[in-house]
């Protein structure tokens, strides 16, 4: 049987900026949960981190967070010598 890369559940960690309260964290959790391929989304207000499980693309997750009025960037995905 064909194995589609999006079939595997993988975790993506994002750094979310702009959240100031529990309502903000709930909003980010909700918008991340609605991205196709997401099976679980958890947001920690204190650390500003979101952990997303599923087959969603990182770009789609970031776009959803930005559409809700916050900023997001992948954690641990920055590379030296990449975009400057």
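Is one or more of the residues making up region 3-24 assigned to a loop (DSSP other than H, G, I, E, B), at pLDDT below 95 and either surrounded by 10 or more Cβ atoms within 10 Å (Cβ to Cβ) or on the phi > 0 side of the Ramachandran plot (or both)? Yes, region 3-24 contains a residue that is assigned to a loop (DSSP other than H, G, I, E, B), at pLDDT below 95 and either surrounded by 10 or more Cβ atoms within 10 Å (Cβ to Cβ) or on the phi > 0 side of the Ramachandran plot (or both). Checking each residue of region 32-43 against the condition of being over 15 Å from residue 13 (Cβ atoms), in contact (Cβ under 8 Å) with a residue 40 or more places away in the chain and in a loop (DSSP other than H, G, I, E, B) gives no match.
Of all residues in region 58-72, none are modelled with pLDDT under 95 and surrounded by 14 or more Cβ atoms within 10 Å (Cβ to Cβ).
The values are calculated or read from the model by the stated rules, or taken from the named source; none is laboratory data. Fair warning: this is a prediction, and the values are worked out from it, not measured in the lab. Cβ atoms come from the backbone with ideal geometry, glycine included; neighbour counts cover every protein chain shown.
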